[in-house]
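The structure appears right after this line, and notes come after that.
The values are calculated or read from the model by the stated rules, or taken from the named source; none is laboratory data. Keep in mind it's a predicted model, so treat the numbers as computed, not measured. Using ideal geometry, Cβ is built from the backbone for each residue, glycine included, and neighbour counts are taken over all protein chains shown.
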Amino acid sequence: MSDHRARIVVVEDHALTREGMKTLLASAFEVVGEASDGPSGYETIAALLPDVAVIDLGLPGEDGIALTHRVRRDFPETHVVIMTMIDVQEEVVAALAAGADAYSLKSSPPQTLIDAVRIASEGGAYFDPRIAHVVLGRFSQPAIVPRGESPLTPREVDVLRLIADGKANTEIASDLSIGLGTVKGHIRDILEKLSAADRTQAAVVALRKGFI
């Protein structure tokens, strides 16, 4: 992405929470709009076409999952970060199936939302570390998205599959009969190719896009 500050729209029904999110996000991005329910959220996003829409899951009028689905269908250049108190598997999976690029819990440190928006704006995927296991568990099953053209080498795919299985770097080195330094080098290359923050996020991105 270019050097410009990502343009953000916040869709959150609680006014105090929305103001806090806007203040936080304005420290790193350009907040260009806001809305307090699903229908007005859609209209605001349609009018402004932001880089990222931060959408609360429990919106009145139209919930965050339905809104995410419409936004990703109609405005594919706008990435979606789901922001919610809910961390149950069904809600996480529904948000992902709707096309969400990131999922952040309101109870997490503020930096988590900053990271989620930044990575989503760069075309990556981010999932709150406390729910990453839910995502990995879901996408270790048959993919719900079509396979894309992978930027990964066959060896990088081998490494990512083992990461998705929960293997540590030392176990990956042993399983693939390669050095620990080689494993770390592969992971570094994988993170760069997938615009991921860490090895877990890389596995989530690859699984979500059907690369592994």
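Figure legend. Inter-residue proximity from the range 64-81: first residues under 17 Å from Ala116 (Cα atoms), second residues surrounded by fewer than 17 Cβ atoms within 10 Å (Cβ to Cβ) and not small (Gly, Ala, Ser), beta-carbon distance below 8 Å, spacing 6+ or different chains. Indicated pairs: Glu77/Leu49; Thr78/Leu49.
Residues that are modelled with pLDDT of 75 or more, not in a loop (DSSP other than H, G, I, E, B) and not basic (Lys, Arg) are absent from the range 138-146 altogether. Of all residues in the range 187-198, those satisfying the criterion of being surrounded by fewer than 21 Cβ atoms within 10 Å (Cβ to Cβ) and part of a helix (DSSP H, G or I) are Ile187, Arg188, Asp189, Leu191, Glu192, Lys193. Against the criterion of being among the charged types (D, E, K, R), in contact (Cβ under 8 Å) with a residue 12 or more places away in the chain and touching an Asp or Glu at 6+ places or on another chain (Cβ under 8 Å), Asp56 qualifies.
Does Ser104 satisfy the criteria of being touching a helix residue (DSSP H, G or I) at 6+ places or on another chain (Cβ under 6 Å), of a type in the set (Ser, Thr, Tyr) and modelled with pLDDT of 75 or more? Spelling it out, Ser104 is indeed touching a helix residue (DSSP H, G or I) at 6+ places or on another chain (Cβ under 6 Å), of a type in the set (Ser, Thr, Tyr) and modelled with pLDDT of 75 or more. With respect to the conditions (1) out of contact with any Asp or Glu (no Cβ under 7 Å at 6 or more places or on another chain); (2) at pLDDT below 80, Ile131 falls short on a single one, namely (1). Scanning the range 158-186 for residues that are surrounded by 14 or more Cβ atoms within 10 Å (Cβ to Cβ), modelled with pLDDT of 90 or more and among the aliphatic types (A, V, I, L, M) yields Val159, Ile172, Ala173, Leu176, Ile178, Val183. Glu90 satisfies every condition listed in (1) under 21 Å from Leu207 (Cα atoms); (2) under 13 Å from the mean Cα position of the chain (by Cα) except (2). Please verify whether the range 33-55 includes one or more residues that are hydrophobic (A, V, I, L, M, F, W, C), closer than 20 Å to Pro110 by Cα and surrounded by fewer than 19 Cβ atoms within 10 Å (Cβ to Cβ). So far as the range 33-55 goes, no, none of its residues is hydrophobic (A, V, I, L, M, F, W, C), closer than 20 Å to Pro110 by Cα and surrounded by fewer than 19 Cβ atoms within 10 Å (Cβ to Cβ).
Within the range 1-22, residues that are at pLDDT 95 or above reach partners that are loosely packed, with under 13 Cβ neighbours inside 10 Å with beta carbons closer than 8 Å, at six or more positions or on different chains, in the pairs Asp13/Pro60.
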